[in-house]
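Colleague: Structure provided below as structure tokens; questions to follow.
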Amino acid sequence: MREMTPRERIQAAIALQPVDRVPVIPKLDLFPFRFQGVKLADVVRDADLFQQAVERTNDDLGGGDAIYIGTQVVSELGFAGMGTASKLPGLELGEDEIWQMDEQEVMREEDYDLIEEEGWSAYLDTVYPRLGYSVPVEELPARMRQAADRQIQDLLRWEERGIPVYVGPGVFPSFEMLSYTRSLKATLVDIRRRPEKVSGALAAIAREQIEGARAQAGRIRESTKHRTIAGVIGATRASFLRPEQFERFFWPFLKEAVDVLIELEVTPNLHFDGDWTRYLEYLLELPQGKVVLDLDGSTDIFKAKQILSGHMCIMGDVPATLLTLGSRDDVVAYCRNLIDVVGRDNGFILSSGCSVPIDARPENVRALIDTAKTYYPHVKEE
């Protein structure tokens with residue numbers, strides 16, 4: 001088989017087609033900053049440091065087939081867009097402590113009517129003063145535009161270097177957004193006490209999430225030569241729902257988000273944290289060869305392969321503990337087993353289970369990347 005380009009290799013894996021080797025896309029996340037000696041508070045203060053640290057780390061480690069996420073502006077505004085409070089290094093936290101979402105019961109019961117009648121944006125405008133952020137509310141639109149422009153600039157920098165960016169436009173399922181601002185505990189109570197109110201709010205949130213994804217995809221399409229490959233659909237909380245709750249309050253909105261990204265010619269990347277094992281069979285309802293299941297290590301990836309083989313590409317799943325505490329040989333052995341089992345019959349992208357930890361051993365991250373580039377037992381000669 002001829003050698004593929006990184007973009008060809010990734011797109012073939014997504015489409016469940018043969019590849020010259022398994023593609024590899026480590027989710028570097030916070031790892032580059034500790035690796036490059038950059039304090040997290042400095043990243044909050046200067047967005048350029050994010051790009052510089054990721055570029056240097058990609059070069060130092062030999063690079064995967066793509067950068068998982070090509071831009072990141074860490075600020076209060078990202079959390080404000082979810083209607084939740086935060087704690088940031090250099091502000092509420094120490095200079096090199098990891099930023100946190102500070103989940104509180106920000107949303108009140110009466111806010112359900114506001115969200116359903118006036119929309120998610122109107123709710124965010126109302127709730128913003130409750131969050132205690134330093135940016136004046138009248139400055140928010142300009143700051144949001146700056147963040148959007150920054151995303152395009154960073155994507156163009158990767159494009160100039162000939163390195164694909166994997167993740168672009170994203171959608172959070174409505175249940176995630178609602179439970180961030182209402183708090184998970186209060187949301188779980190609400191779906192029993194006021195299910196119609198919850199359903200109405202979820203539908204309103206979904207409408208604006210989809211509008212935002214369309215706008216984001218349009219900006220990228222107009223401003224860059226190459227589109228990002230995928231759009232992330234991040235979900236962490238389905239494991240807290242009973243099946244009948246999942247079917248009413250989660251699954252319809254997830255399916256809608258998948259359909260919209262496919263319509264935009266963006267691959268839905270289901271970044272699922274937590275244990276999704278009992279809901280894996282629902283994924284068979286999604287279009288074949290169009291979606292990636294991106295697991296964090298909590299879901300049994302081998303069970304996922306059994307259920308979804310021939311239907312959906314799977315990404316994962318080298319554990320954070322192994323990258324931090326294991327030896328290089330341990331990482332190589334784990335990666336080879338993934339390639340042997342999950343990589344059989346196509347449809348696999350090797351990656352970290354969720355993010356590469358900030359304190360991962362560099363030799364282990366390099367071993368993850370190198371194993372995909374040197375071990376390909378399933379390739380057939382043409």
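Colleague: What number, in percent, do you get for the relative contact order of the chain if the mean sequence gap of Cα pairs under 8 Å and at least 6 apart is divided by its residue count?
Modeller: Values: 685 pairs, mean separation 87.7, N = 382.
Relative contact order here is 23 percent.
Colleague: Farthest toward the dipole's positive end in the chain, which of Val198, Pro243, Thr187, given Cβ charges of +1 (Lys, Arg) and -1 (Asp, Glu) about the Cα centre?
Modeller: Pro243
Colleague: Cut-off is 10 Å between beta-carbons; in what order do Glu116, Glu138 appear when sorted fewest neighbours first? Don't jump to the answer; show the numbers that get you there.
Modeller: Values: Glu116 20, Glu138 7.
Going from sparsest to densest Cβ surroundings: Glu138, Glu116.
Colleague: Which whole-number percentage describes the relative contact order of segment 239-348, with Cα contacts under 8 Å and a sequence gap of 6 or more? It would help to have the intermediate numbers written out before the result.
Modeller: Numbers: 120 pairs, mean separation 23.4, N = 110.
With pairs under 8 Å counted, the relative contact order is 21 percent.
Colleague: Related question: Could you name the lysines in cross-link range of Lys39, using Cα to Cα under 17 Å and dropping any fewer than eight places away on the same chain?
Modeller: Qualifying lysines at Cα under 17 Å: Lys87.
Colleague: Could I ask something else about it? Taking θ = phi - 60°, what integer Hz values does the Karplus form 6.51 cos²θ - 1.76 cosθ + 1.60 yield along segment 136-153, in sequence order, with x for Gly and Pro?
Modeller: With the stated coefficients, segment 136-153 comes to x, 4, 5, 8, 4, x, 5, 5, 5, 5, 4, 5, 5, 5, 5, 4, 5, 4 Hz.
Colleague: List, in order, the whole-Hz ³J(HN,Hα) value for each residue of segment 8-14 obtained from phi through the Karplus relation with A = 6.51, B = -1.76, C = 1.60 and θ = phi - 60°; use x for Gly and Pro.
Modeller: Result, ordered by residue: 4, 5, 5, 5, 5, 4, 4 Hz.
Colleague: So if I place +1 on the C-beta of Lys and Arg and -1 on the C-beta of Asp and Glu, and nothing else carries charge, what would the dipole magnitude of segment 1-117 be about its Cα centre? I want it in debye, nearest 20.
Modeller: Values: 11 positive and 25 negative charges, 206 e Å.
For this selection, approximately 1000 debye.
Colleague: Per DSSP helix of 4 or more residues, -39500 (n - 2.57); summed, then divided by the residues of the chain. What does that give at 222 nm, rounded to the nearest 500?
Modeller: Numbers: 17 runs with 189 residues, N = 382.
For the chain, the value works out to -15000 deg cm²/dmol.
Colleague: Which trypsin sites (Lys or Arg not before Pro) does segment 2-50 hold that lie in a coil by DSSP with at most 11 other beta carbons within 10 Å? Write down the numbers at each step before the final one.
Modeller: Details: sites: Arg2, Arg7, Arg9, Arg21, Lys27, Arg34, Lys39, Arg45; in loops: Arg2, Arg21, Lys27, Lys39.
Qualifying residues, ordered by number: Arg2.
Colleague: Another question, if that's okay. Using the count of nearby Cβ atoms within 10 Å as a rough guide to exposure, how do Leu61, Leu131 rank from fewest to most? Each step should come with its number before you reach the end.
Modeller: Working: Leu61 21, Leu131 18.
Fewest to most other Cβ atoms nearby, the residues stand as Leu131, Leu61.
Colleague: Follow-up question, since we're still on this one. If amide H atoms are built 1.01 Å from N in the plane of the peptide, which residues on other chains or at least 5 residues away come under 5 Å of the amide H of Ile314?
Modeller: Residues meeting the amide H criterion: Leu293, Phe348, Ile349.
Colleague: Something else about it: Given contacts defined as C-alpha pairs under 8 Å and at least six residues apart, what's the relative contact order of segment 84-216, whole-number percent? Numbers along the way, then the final one.
Modeller: Working: 111 pairs, mean separation 41.2, N = 133.
Taking the mean separation of contacting Cα pairs over the length of segment 84-216, I get 31 percent.
Colleague: A further question follows. Counting other beta carbons within 10 Å of each residue's own, what order do His271, His311 fall into, fewest first? Kindly include the intermediate steps, with their values, before the conclusion.
Modeller: Numbers: His271 22, His311 18.
Exposure proxy ranking, most exposed first: His311, His271.
Colleague: Follow-up question, since we're still on this one. Less than 23 Å apart at the alpha-carbon level, and either on another chain or at least 8 residues along: which lysines does that give for Lys255?
Modeller: Correct list for Lys255: Lys197, Lys290, Lys303, Lys305.
Colleague: I'd like the distance separating the alpha-carbon centroids of segment 128-207 and segment 315-355, in whole Å.
Modeller: 30
Colleague: May I ask you to list the GluC sites (Glu not before Pro) in segment 261-314 that are in a DSSP loop and have at most 10 other Cβ atoms within 10 Å of their Cβ?
Modeller: Details: sites: Glu263, Glu265, Glu281, Glu285; in loops: Glu265.
Here the sparse-neighbourhood loop sites are Glu265.
Colleague: Around Gln153, with a cut-off of 12 angstrom between Cβ atoms, what is the net charge of the other residues, counting Lys and Arg +1 and Asp and Glu -1? Let's see the in-between values first.
Modeller: Values: positive: Arg150, Arg157, Arg219; negative: Asp48, Asp149, Asp154, Glu159, Glu160.
Combined, the nearby Lys, Arg, Asp and Glu give -2.
Colleague: Turning to a different aspect of this structure: Provide the net charge surrounding Ala41, with neighbours chosen by a C-beta distance below 15 Å and charges set as Lys +1, Arg +1, Asp -1, Glu -1. Kindly include the intermediate steps, with their values, before the conclusion.
Modeller: On the way: positive: Arg34, Lys39, Arg45, Lys87; negative: Asp42, Asp46, Asp48, Glu76, Glu92, Glu95, Asp96, Glu97.
Within the 15 Å Cβ shell, the charges total -4.
Colleague: Something else about it: Roughly how many debye, to the nearest 20, is the charge dipole of segment 312-382 about its Cα centre, given +1 on each Lys and Arg Cβ, -1 on each Asp and Glu Cβ, and no other charges?
Modeller: On the way: 7 positive and 10 negative charges, 16 e Å.
Taking the Cα centre of segment 312-382 as origin, the dipole is about 80 debye.
Values in this text are rule-based calculations from the coordinates and carry no lab data. These numbers come from a predicted model, not from an experiment. All Cβ positions, glycine included, derive from the backbone under ideal geometry; neighbour counts span all protein chains shown.
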